[in-house]
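Engineer: Next up is a structure, given as structure tokens.
The values are calculated or read from the model by the stated rules, or taken from the named source; none is laboratory data. Owing to the predicted nature of the structure, the values given are computational and were not obtained by experimental measurement. In this analysis, Cβ positions are derived from the backbone assuming ideal geometry, glycine residues included, and neighbour counts consider all displayed protein chains. The area values use the complete protein model at the heavy-atom level, side chains included, leaving out ligands, DNA and RNA. Shrake-Rupley method; radii C 1.70, N 1.55, O 1.52, S 1.80 Å.
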Amino acid sequence: MWKPDRNSKKTLYEQIADYLEQRISYGEFPPGSLLPPERKLAEQFDVNRSTVIAAFAELRSMGIIESRIGSGTRVSTSKWGATPKHTPNWSRFAEGGSFLPNLPFLRRIREALTHNPTLIDFASGELSADLAPTNEIAVLMGKNAYTSYLGYVNPQGATPLREALVDYLNNYRGIRTTESSILITSGSQQSLFLITQCLLSPGDAVAIEDPSYCYSLPMFQSAGLRLFRLPVDKHGVQPEDIRTLYKKHRIKMVFLNPNYQNPTGALLSEERRKRLLDIISELGLPVVEDDPYSLTSYDGIPPLSLKSMDTTGSVLYIGSFSKIAASGLRIGWMVAPRSIVERLADARQQMDFGLSIIPQQVAGQFLQSDYFGPHLERLRIQLQFKRDLLIESLEKELSGLIEYVVPAGGIHFWCKLIPSIPDGILLEESIKKGIVMVPGSVYGSDSGYVRFTFARAKSEEIALGISRFAEALRGLIE
Ligand SMILES: Cc1ncc(COP(=O)(O)O)c(C=O)c1O
């Protein structure tokens, strides 16, 4: 984020005026468009509001912007719009298309984190830098002479990575497959996108967990799907609910995150897994097993995957590098029948011609290296340590005001708040105190729940973050 240089010879307001003029001339703010309010710009540039007012006055005197009381400050159409009638209506375009914007709370959290990188982050679902195998990946990248051809990759993904995944899936997830049944995707997110866009049609009914990561994805609505809920308790979903939804709504597919679920941390019990597989195979219903968290199991024994127990070929399995290694490499995979892999590979080729070869090369080598096993062990220990720090802090600060079930793996902690505080107010107050978390309603639950992700914050930030959250919450109760 640009900020004026306090050591420059130019005054702060002149620097801001120059910067805004440049952005206007680049077309980022077209003629007639509204500039952000002075207060917001002052926050963003880390200056007093009066400095922004002075910069606006400068731009106004040059005829670049115009202010009208009550309707904010706009880019002047007379100065910049030599032919203002021909300027495309970008805001109309921005509202167009069939792809819905992200949920408002998620956009607010992203904006808060961008503007204030010192916020303690209990919202982002990823690992902190010290939990990621940064050094190991750097060594592998250093060793990589990139002798391989750097042309377009096989539409299913780089063959060496798919071969490495065949071993990984067999060794760690009990899934026996071949590289031709694997599709590499840009994180598991792209697998979900391809499934919702290519295998389902607008109007189709699907079942998702309640609460669920899928609720946080307007992607499902963008695909025109009708969503029906499978309530999650501490042992996951009730398999019989699937049969009920099938009878009532003819659901076409079930989306599950059975291991250390996002957001509740729930683990689908083994007994329910068996019943669930019986029911879906009886109904001929496909299940998407979204499994990014299983290897974080704190006892070191990852739960059985549904896919490994699936004898009828009903499970589409999705995995990811994001929660066990590095979310920024954007490596995910899907195991599916060949007809599905080929259909989705063809679709993703039309979208982006496939993922960059370099992260695929690095991920494949990391999975096969001697680094992988020890990294997982260290990750599990440190995640459990962070979870315990979080619980200790919550008990110290908010005992009696919260209820929770302790997760045995994963990176998320789901908390019910006993006092009833509207989600939006609690989020804003938390941001003011210097932390972000995700209000439970993002995941489809009623207001009054919070998801704390404990993997992203540094260990030394956890107690401070929770004491700030407690201050926000207590301030709203009193
Ligand atoms: C259950 C679940 N599925 C999929 C994803 C997407 O992750 P990625 O695309 O980074 O693999 C997430 C991320 O938080 C998740 O929690």
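Engineer: In a shell of Cβ-Cβ distance under 13 Å around GLY203, excluding GLY203 itself, what net charge do Lys and Arg (+1) and Asp and Glu (-1) give? Numbers along the way, then the final one.
Structural biologist: Details: positive: ARG226, ARG250, LYS252; negative: ASP204.
Neighbour charge sum, excluding GLY203 itself: +2.
Engineer: When only alpha-carbon atoms count, how far does segment 12-94 stretch along each of its three principal axes, as whole angstroms with the largest first?
Structural biologist: Largest to smallest, the principal-axis extents are 37, 26, 25 Å.
Engineer: So, with +1 on the Cβ of K and R and -1 on the Cβ of D and E, and no other charges, what is the size of the charge dipole of the chain about its Cα centre, to the nearest 20 debye? Write out the running numbers ahead of the final one.
Structural biologist: Working: 52 positive and 52 negative charges, 211 e Å.
Result for the chain is approximately 1020 debye, rounded to the nearest 20.
Engineer: What percent do you get for the relative contact order of segment 233-355 when only Cα pairs under 8 Å and 6+ apart count? Provide the component values of the computation, followed by the final result.
Structural biologist: Details: 159 pairs, mean separation 24.3, N = 123.
Over segment 233-355, the number comes to 20 percent.
Engineer: Now for a separate question. Let me check I have the definition right: for segment 145-370, take the eigenvalues of the Cα gyration tensor, multiply each by 5, take square roots. What are those semi-axes in whole Å, largest first? Numbers along the way, then the final one.
Structural biologist: On the way: eigenvalues 162, 81, 46 Å².
With the √(5λ) rule applied to segment 145-370, the semi-axes are 28, 20, 15 Å.
Engineer: Roughly what % of DSSP beta bridges within the chain run antiparallel, to the nearest 5?
Structural biologist: On the way: 24 of 42 bridges.
Expressed as a percentage, antiparallel bridges in the chain total about 55.
Engineer: Given a 1.4 angstrom probe, what's the average accessible area per residue across the chain, in square angstrom?
Structural biologist: 47 Å²
Engineer: At q = 0.06, 0.12 Å⁻¹, what base-10 log of I(q)/I(0) does the Debye formula yield for the chain when every alpha carbon is treated as an equal point scatterer in vacuo?
Structural biologist: One equal scatterer on each Cα of the chain leads to -0.33, -1.17.
Engineer: Here is a further query. For segment 1-155, I need the span (max minus min coordinate) of the C-alpha atoms along each principal axis, in Å, sorted largest to smallest.
Structural biologist: Extents along the principal axes, in whole Å: 58, 40, 34.
Engineer: Can you compute the modelled spin-label distance between ASN102 and THR114, with each label point 7 Å from Cα toward Cβ, in nm?
Structural biologist: 0.8 nm
Engineer: Continuing with this model, one more query. Compute the signed sum of charges (Lys and Arg +1, Asp and Glu -1) over the other residues within less than 12 Å, Cβ to Cβ, of ILE477. Provide the component values of the computation, followed by the final result.
Structural biologist: Details: positive: ARG474; negative: GLU429, GLU471, GLU478.
Neighbour charge sum, excluding ILE477 itself: -2.
Engineer: Let me ask another. How much length would be gained if the chain were fully extended between SER399 and ASP352, taking 0.36 nm per residue of separation minus their Cα-Cα distance, in nm to one decimal?
Structural biologist: The SER399-ASP352 span can extend by a further 12.0 nm.
Engineer: Just report the Cα centroid separation between segment 381-415 and segment 42-76, whole Å.
Structural biologist: First find each Cα centre; the distance between them is then 46 Å.
Engineer: Quick one, could you list the DSSP H helices from the chain stretching 27 Å or more along their long axis (Cα atoms) with average Kyte-Doolittle hydropathy of 0.0 or above?
Structural biologist: On the way: long enough: 372-398 (38 Å, -0.39); 459-477 (28 Å, 0.59).
Those that clear 27 Å and a mean of 0.0 are 459-477.
Engineer: Net charge around ASN259, counting only other residues with Cβ within less than 14 Å of its Cβ (Lys, Arg = +1; Asp, Glu = -1)? Mind showing how you got there, number by number?
Structural biologist: Working: positive: ARG173, LYS234, ARG272, ARG273, LYS307, LYS323, ARG380; negative: GLU209, GLU270, GLU289, ASP290, ASP291, ASP299.
The answer is +1.
Engineer: Got a number for carbon plus sulfur as a percent of the chain's accessible area, 1.4 Å probe?
Structural biologist: C and S atoms contribute 52 percent here.
Engineer: Here's a follow-up. Find the centroid of the Cα atoms in segment 326-362 and in segment 431-478, then give the distance between the two in whole Å.
Structural biologist: Taking the Cα centre of each part, segment 326-362 and segment 431-478 sit 35 Å apart.
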